[in-house]
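Have a look at the structure below, then the notes.
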Amino acid sequence: MAKKPARKPNAAFMKPVQPNEALAAIVGAKPLPRTELTKKIWAYIKKNGLQDKKVKTQINADEKLGVIFKGKKAVSMFEMTALVSKNLVK
């Protein structure tokens, strides 16, 4: 059986994005690819125990994430992705 060629990363995901001030408090101020941005956000969530213990798809906000979540106490991980995108400098 022939081996599948390695998947090429999507260029849009690899293009560095610039976090705004609120997001920079979590991931740092330097531009970084979306893939790295996502990894850093999840590292922050795990380090601070912000993933809901019962409903694993819910992310609970702390002071820094509350700014990104527009004051909501908790959001789903899918809603979080949309909210994070709104905190990127165009």
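Annotations for the structure displayed:
- With every protein chain in place and a 1.4 angstrom probe, the accessible-area ranking of Met14, Met80, largest first, reads Met14, Met80.
- Residue of Ala61, Ala24, Ala12 that the Gaussian network model of the chain assigns the largest fluctuation, springs spanning Cα pairs under 10 Å: Ala12
- Counted by Cβ distance under 11 Å from Tyr44, the other residues give a net charge of +4, where Lys and Arg count +1 and Asp and Glu count -1.
- Filter on Lys30/Lys56; Lys39/Lys64; Lys47/Lys70; Lys15/Lys73; Lys30/Lys53; Lys39/Lys72 - keep pairs with C-alpha separation over 27 Å: Lys30/Lys56; Lys15/Lys73; Lys30/Lys53
- By the Cα gyration tensor, the chain has an equivalent ellipsoid whose semi-axes, rounded to whole angstrom, run 26, 18, 11 from largest to smallest.
- Dividing the summed -39500 (n - 2.57) terms of all DSSP H runs of n ≥ 4 by the residue count of the chain sets its mean residue ellipticity at 222 nm at -12000 deg cm²/dmol.
The values are calculated or read from the model by the stated rules, or taken from the named source; none is laboratory data. Small disclaimer: the values here were computed from a predicted structure and weren't measured. Here the Cβ is made from the backbone with ideal geometry for all residues, glycine too, and neighbour counts use every protein chain on show. Just the protein is used for accessible areas: all its heavy atoms, side chains included, with ligands, DNA and RNA removed. Shrake-Rupley method; radii C 1.70, N 1.55, O 1.52, S 1.80 Å.
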